[in-house]
2 protein chains.
Amino acid sequence: MMVNHLTPTYYAVIFSTILTEDISGYVEMSKKMELLAKQQKGYLGLESARNEIGITVSYWQTLEDIVAWKNNIEHTEARGLGREKWYKKYQLRICKVEREYGFEKNLEV
Amino acid sequence: MMVNHLTPTYYAVIFSTILTEDISGYVEMSKKMELLAKQQKGYLGLESARNEIGITVSYWQTLEDIVAWKNNIEHTEARGLGREKWYKKYQLRICKVEREYGFEKNLEV
C-alpha cells in the first residue's frame, strides 16, 4: 500500500534490509509487527517493497512516537529475532519529512 | 544495492510509485536516470525495490543538490514521460536524515 499525502512536518523511518537464507517465520512476524505498529500512538502509515533488497518506510507524527515504538516489548523481541535469524544486514534511518509532492493520473495533489 | 552508513545530517528523497500497465521503456529510463543521478553533485546513493509498489530512496548531501537534480533537463523530461506514461500514482517526500543505525551479521556498525 502506498501512503497518501500527509502534512509535513512528520517523521519517516527508512529500514533497508538484506535477508539471510533462513527466512522461516519472517513473513508472519512482519505481518504481526505491521499490525502492532498500526496500533501505536503517532503511527501514520507504512510502505514496503522487496526484491534484491527490502525497503520498509514507516511514518510517524513525532520522534517520541518512534522511540516509544522502538521500546515496545514485542517489537524489541522481534528485532532480536531479526538480528539473530533473518537479517544479514540492515540500515535504519530516522528522517524528518520536510516537503512532499503527489501525483495521480488525471489528478495532481 | 543497499546504501551503507552515511553520516547525518544529509537528505533522503523517498519516491513511492504505482505503475500503469504500459511500462514499455520504463526499465531503460530508470537505469538511465540512475546513472545520471550518480553523476550529480551531492549524490550519496540510491536504494530501490519493487513488488506491489515501488520505493526508490535517493540520498543527497544538501537540499540544494536535490533541487539541482530536480531541475536537470534530462531528468525533467524523464519525469514528464513518467507522468504521461508509466506512473499511475506517486508520492515524493524530501526528508532530512537525523539519525542512523546499522547492523551486519557478526558486525554491528
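The values are calculated or read from the model by the stated rules, or taken from the named source; none is laboratory data. All values derive from a computational prediction rather than experimental measurement. All Cβ positions, glycine included, derive from the backbone under ideal geometry; neighbour counts span all protein chains shown. The protein model used for the area step is the full one, side chains on, heavy atoms only, and it has no ligands, DNA or RNA in it. Shrake-Rupley method; radii C 1.70, N 1.55, O 1.52, S 1.80 Å.
Below, the figures for the structure above:
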item: Test for residue B:52: is it loosely packed, with under 12 Cβ neighbours inside 10 Å, within 11 Å of chain A (Cβ to nearest Cβ) and charged (D, E, K, R); result: yes
item: Residue match in the range B:56-64 (condition: in contact with a Cys (Cβ under 6 Å, 6 or more places away or on another chain) and either under 22 Å from residue A:6 (Cα atoms) or part of a strand (DSSP E or B) (or both)); result: no
item: Filter pass, residue A:47 being in a loop (DSSP other than H, G, I, E, B) and acidic (Asp, Glu); result: no
item: Tally, over the range B:70-108, of residues that are farther than 19 Å from residue B:59 by Cα, in contact with a strand residue (DSSP E or B) (Cβ under 7 Å, 6 or more places away or on another chain) and open to solvent by 60 Å² or more (accessible area, probe 1.4 Å); result: 4
item: Residues of the range A:23-35 satisfying the condition of being in contact with a helix residue (DSSP H, G or I) (Cβ under 6 Å, 6 or more places away or on another chain) and either under 19 Å from residue A:68 (Cβ atoms) or of a type in the set (D, E, K, R) (or both); result: A:33
item: Test: residue in the range A:81-102 that is part of a strand (DSSP E or B) and free of Cβ contacts under 8 Å to residues at least 60 places away in the same chain; result: yes
item: Boolean, residue A:7 is more than 9 Å from chain B (Cβ to nearest Cβ), open to solvent by 50 Å² or more (accessible area, probe 1.4 Å) and hydroxyl-bearing (Ser, Thr, Tyr); result: yes
item: Residues of the range A:66-109 classified as within 8 Å of chain B (Cβ to nearest Cβ) and over 22 Å from residue A:29 (Cβ atoms), total; result: 11
item: Test: residue in the range B:24-41 that is on the phi < 0 side of the Ramachandran plot, within 14 Å of chain A (Cβ to nearest Cβ), open to solvent by 40 Å² or more (accessible area, probe 1.4 Å) and aliphatic (A, V, I, L, M); result: yes
